[in-house]
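Report on the following structure.
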Amino acid sequence: MKWLRGGGIVGFIIRRILLGLLVMFLVSIIVFASTQALGDPARAILGRDATPDRLAALQKELNLDQNVVGQYFQWLSGLLHGNLGTSLASQQPVSNALGPRLVSSIVLVILAAVISIPLSIAIGSYAALHREKGFDTVVSNVMLALASLPEFVVALLLVILFSTSVFHWLPAISPVPPGHRAWEYPDELILPVLTLAFAVTPYVSRIMRASMIEVLESDYVEMARLKGLSERTVLYRHALPNAIGPVFQVAAISLAYLAGGIVVIEYVFNYPGIGSELVDAVVNHDIPVVQALAILIAGLYVLLNLLADVATILVTPRLRTRL
Amino acid sequence: MSDRDVEVSRDEALALVAQGVENPPPGRRTNLLRRSLRLGRTKVGLVLVGFVVLLAVFGPVVAPHASDEFVGRPFSPPGGGLVFGTDYLGQDVLSRFLDGGLTILILALVSTAIGLVLGLAIGLVAAYSRNWLDDVLMRAMDVIMAFPQIMIALVAVSLIGTKNWVRVIAIALTTAPRVARVARGAAQPVIERDFIGATEAMGLSRVRIIGGELFPNILGPMMVEASLRLTYSIAVIAALAFLGLSNDPNGPNWGTMIQQNQGSLATQPWGALLPILAIALLTMGTGLIGDGIARTAAGIDRERGDE
Amino acid sequence: MVIGSQRPTRGRALQMTESGGTRWQLNERPERLFDSISRRNLLMGAGGVLLASGLAACGGSSPTPSAGGSTASAGTPKRGGNFRLGVTGGGSKDMMDGQNIVTKPDQARLMTAFETLLVFDDNYQLQTDGLAESVEADNPTQYTIKIRKGIDFQNGKPFTADDVIYSLQRIGTQGNGLTGYAATATMDIKHLKKVDKYTVQLPMLSPDSTVPQTLASYTFGMVPVGYEAYKGDPSTQVGTGCYILKSFTPGQESVHERNPNYWRGDGSPWFDTVTITDFNDSTAQLNALKGGQIDAMTDVPAGQVNAVQGSGIGILNSQTGGWIPLCMAIDMPPFDDPKVRQAFRLIIDRKAVLEQVGNGYGQIANDLYSPFDEGYDKSLPQREQDIEQAKSLLKAAGKEGLSVDLHTTNGAAGMVELASVFASQAKAAGVNVTVKNDPNYYGDSYLKLPFSVDFWGTRGYLNQVQQGSLPNSPYNETHWPPKSGTGSNFESLYKQALAETDSNKRIDIQHQMQQYEYDLGGYIIPYFNALIDGYGSGVTGLSPSKGTLNLASFGHGYRTIWFS
């Protein structure tokens, strides 16, 4: 078992993966246990029309008559075979509805990342270069404000600004019709993506700034300057690559965060992603969907955290030697 | 706001705190707070927070009408003695606004406090034990942190009901792991300091070590973390109310008010705008305070590093 | 207790009656909803044969159905366009079934493709404008239904008597759990007889004069033999209606294409496609309507109407007989004491409720339903708020300082708000009401709660009784009628009324039934709501309707509206 303890980077990665799997296993138990307690879903589905015979039939269909442990393993094995269960409310396989919605949410997240990460790097670097001067102070305060605001507040303010009250440039909601891809409706994507970007940029730009400052004051950069290299070269070829390390970690975590942050944002914009689906499923007590989404989001988090840790290790040489 | 602010604040403050920091002489421990107050931004933050807290605490006393009193046609614009017009049920916006902050504040404070205490305890125990207990605790924290805070709160509330304690526990439980990570991360380098080894050799009990020696040294990062967590708790509580998950559908509550009055933003914005602004100011204030403390901590240690 | 139709007087007139209860206040009554101007003979068979009875609907043919917003007189219809409708209240539970609904989106989708034998017009009068040429009662226990010739289903198959039989039997089969099942209780479904290709004989188990109204109710859509509800395949949703289902994602959107072979042959329907989109809430809907992303929406929140009208959106304001009652279960404490029920009915300030919850759009009600029915008893005095009286009633019942929970949900506009407003009004009488807003309301405890809020659409009196006021009614929130004492003969009165062919006598029976409900019932009905819908410029053909469904029965199945 020596490789578990040592083994350099590879060993580290393997350890993290095993850890991630362990976490996922525990997560699955928690998800299952807590959602089974949601009360009788058969009643919830049939609603006003729950006659005793229909109730009994539905309960049988949902395996609600088995014992809990048996149900858990059935569910788990289904998951591992790609069968996410059948939505109680729509009577269709969960993966049917989940697939397109997942894609829609991923589109939002990727667009937000694509916009915010380079922007943050630029802002952070510029602020670091002109530290304590006008730009830095203004930007830093704006970023702080943005970072503190809850997303739905930012979302609503944007809606007021660009859609309903001040300007009327953009649609206030983004209901991408089913069967269509989110990117076919670019104007509907703008506000939600902007909100997400505003949620992420403050942090990434701040870490970029801090990291950049540290690098700019490091001996390494001093050496480069002393060597007579142009400031540009120093910046782009020596400072930036070294400053970027922590950014990866924060970026990866930001992406994971966005997966959760979209819950409220998709709700505000009526956007058909997994966030709004989660709200819908929770309210409807649609257990299989809640379970599937919980596992999915948790899995995403774990994966992205893993990537973040690996990226940081790879990019920060001094940590490598500690492994 | 989540893991990344842990990373960011932790990295900023800790990276500098942990670098070559000597054990500060006893008198300096409480200076962090006072020193941070000298910063402009901390002052601004305190003013903002103070203002909103005053509104929330004393608002109900000075509200001109009862929060469920029918005073005029729904969504009437300001006029006729109603400074900010009426809301979706014809109730006075100003009175409901004044009544609506206390719940959010109390819930956020209580849940953050519980989360802080819990997280601190777990983090310190983990850091200090340095063995299998550390691993187990941290894995447990990872499991909880695998979910976004709002998601856990959502599921908990729909499972059990929209009672206050459910929300408090849900937020406290999800705050604790994040705090634990910071506490642990901040405590670890200090544990490696000689003086810990020295006090152990001197025979002090573990509890005294943890309480008396460890704790003051991680004060900086913890205070930053506390303000960050508070900011986020406020946001989650407001978001839950906004999603319609509050225990009284017509209770005066800033989050609920936003949802109820959202539709008329174009013509009678005050019903939604006032609470939006209040939440914004409050969260900005706590953010500024936390940032001020972080900078001061970094600044202190920078100074010391140069000495 | 006899109140009778005295001339309304101002001021209070409290007197004790023989039984010890108090006579209600007499006040001048607000007006206009219930004027019965003339009675029309509504059902004419092809040979001019009149229906003997069964006109339990329709208060009168007053010329102006309601407040306004009509676009009817806007020229000749034009073909073309994609009509996009936004609806709320749906979710992943959305269904498509010609004979079943749970939520409003379900109603909207049903109306695209399915039609009924008879129809209600905008004045809530029965018409033979549907699939049937005539529906006649040969005798009190047998009806003959003659359908029009030459109607094809959307798949080209002709609509025949076999389909009528299958449709009625599908509804009448208990295991199917369809909305209209309870209304078939008096029908001898098993012995439906095909007389010829276009004629069906419907024998009755007991006399029932409300059969024509039942056949006009929108959940009695005619479906082809073998039809089943939507389970993933749009091609199964075949009806006789104007639009053919092309695609459907529950909780999101459905797309319906024009039926080129629609049987009326007058050029309708006019839109090329109809798209129905689910929305989370009315704010998103409104924003979408304002932004031009949808052409029409259901249920504009009453408080937004003024705001919306200013921005070029048309408002369709239909005064209907729909109601949002507070329901007190008469067999559960504390409401098992009639004094408590009477007290609660006096606590409510109906005018304030109408202002706050309906923003003034509606008509004050008097705790009785079916305002358009000719048997609606207008002579019963209008109740007003009387806190003092309420307090003394509660005291007499030993229930001062009462605390109750009031359960509600977001099932229809105003349900949650009504609960909140009542809770705040109740404080004045020393009653402490805790509002419980449960998103899962129509689940476990529905129909088992002592105090709750529900919603109903326009219906004729006897139909409504059968749906909600009999022991075996599907939606009897108040657990009416009492099992003993005054009012316990309610059900037998109902059966008499069903069988009564003389409409005057039937009206008398109905008045008696309503008297019981007025004195002892469990409903608190503050007002009759207006259905307020919104539509974008360009949408033409909408005019207010007294019926149950929004947008004037969704433009009569999306048939009488077009883009100008």
Completion exercise
When restricted to C:549, C:520, the only residue aliphatic (A, V, I, L, M), in the same structural domain as residue C:354 (by TED's automatic domain parsing) and on the phi < 0 side of the Ramachandran plot is C:520
Problem - Residues satisfying the stated conditions in segment C:320-366, i.e. within 13 Å of another protein chain (Cβ to nearest Cβ) and among the charged types (D, E, K, R) - result: C:349, C:350, C:351, C:355
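Conditions (1) free of Cβ contacts under 8 Å to residues at least 24 places away in the same chain; (2) assigned by TED's automatic domain parsing to the domain that holds residue C:479; (3) farther than 21 Å from residue C:424 by Cα, marked per residue:
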{"site": "C:254", "(1), (2), (3)": "no, no, yes"}
{"site": "C:259", "(1), (2), (3)": "no, no, yes"}
{"site": "C:271", "(1), (2), (3)": "no, no, yes"}
{"site": "C:275", "(1), (2), (3)": "no, no, yes"}
{"site": "C:290", "(1), (2), (3)": "yes, no, yes"}
{"site": "C:304", "(1), (2), (3)": "yes, no, yes"}
{"site": "C:312", "(1), (2), (3)": "no, no, yes"}
{"site": "C:334", "(1), (2), (3)": "no, yes, no"}
{"site": "C:344", "(1), (2), (3)": "no, yes, no"}
Fill in the blank from the handout: Given the conditions (1) within 23 Å of residue A:27 (Cβ to Cβ); (2) in contact with a strand residue (DSSP E or B) (Cβ under 6 Å, 6 or more places away or on another chain); (3) among the small types (Gly, Ala, Ser), every one holds for residue B:90 apart from (1)
Fill in the blank from the handout: Selection over segment B:243-277 where residues are away from chain C (no Cβ under 14 Å), crowded, with 24+ Cβ neighbours inside 10 Å and farther than 18 Å from residue A:265 by Cβ yields a count of 2
Handout entry: Of all residues in segment C:394-441 being over 30 Å from residue C:89 (Cα atoms) and among the basic types (Lys, Arg), the one that is farthest from the other protein chains (Cβ to nearest Cβ)
Key = C:395
Practice task
Pick out, from segment C:225-294, the strands (runs of 3 or more DSSP E) lying fully within it that include 2 or more residues that are of a type outside the set (Val, Ile, Thr) and surrounded by fewer than 21 Cβ atoms within 10 Å (Cβ to Cβ).
Solution key: C:243-249, C:253-258
Problem - Hits in segment C:188-224 (condition: small (Gly, Ala, Ser) and assigned to a loop (DSSP other than H, G, I, E, B)) - result: C:206, C:209, C:217, C:221
Practice task
Answer yes or no as to whether residue C:300 is buried (at least 24 other Cβ atoms within 10 Å of the Cβ), away from chain A (no Cβ under 14 Å) and assigned to a loop (DSSP other than H, G, I, E, B).
Solution key: yes
Completion exercise
Subset of segment C:258-283, residues modelled with pLDDT of 90 or more and within 14 Å of chain A (Cβ to nearest Cβ), comes to C:273, C:274, C:275, C:276, C:277
Problem - Residue among B:49, B:93, B:44 that is touching a residue at least 40 places away in the same chain (Cβ under 8 Å), within 13 Å of chain C (Cβ to nearest Cβ) and in contact with a helix residue (DSSP H, G or I) (Cβ under 6 Å, 6 or more places away or on another chain) - result: B:93
Practice task
Can you tell me which residue within segment A:85-113, out of those that are over 16 Å from residue A:262 (Cα atoms) and part of a helix (DSSP H, G or I), is nearest to the other protein chains (Cβ to nearest Cβ)?
Solution key: A:97
Practice task
Inspect all residues belonging to segment B:72-80 and state whether any of them is in a loop (DSSP other than H, G, I, E, B) and modelled with pLDDT of 90 or more.
Solution key: yes
Practice task
With respect to residue C:130, determine if the residue is of a type in the set (Gly, Ala, Ser) and either farther than 30 Å from residue C:530 by Cα or not assigned by TED's automatic domain parsing to the domain that holds residue C:217 (or both).
Solution key: no
Practice task
Identify, from the list C:180, C:221, the residue that is away from chain A (no Cβ under 14 Å), touching a helix residue (DSSP H, G or I) at 6+ places or on another chain (Cβ under 7 Å) and surrounded by 21 or more Cβ atoms within 10 Å (Cβ to Cβ).
Solution key: C:221
Problem - Candidates B:235, B:239, B:272 - the one that is modelled with pLDDT of 75 or more, in contact with a Leu (Cβ under 7 Å, 6 or more places away or on another chain) and within 30 Å of residue C:291 (Cα to Cα) - result: B:272
Handout entry: Test result for residue A:282, crowded, with 24+ Cβ neighbours inside 10 Å, of a type in the set (A, V, I, L, M), free of Cβ contacts under 8 Å to residues at least 40 places away in the same chain and within 14 Å of chain B (Cβ to nearest Cβ)
Key = yes
Exercise for the section: State whether the residues of segment C:214-223 include one that is farther than 28 Å from residue C:82 by Cα, among the polar types (S, T, N, Q) and in the same structural domain as residue C:124 (by TED's automatic domain parsing). Expected result: yes
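The values are calculated or read from the model by the stated rules, or taken from the named source; none is laboratory data. The structure presented is a predicted model; accordingly, all values stated were derived computationally and were not measured. Note that each Cβ is placed from the backbone with ideal geometry, even for glycine, and that neighbours are counted across all protein chains shown.
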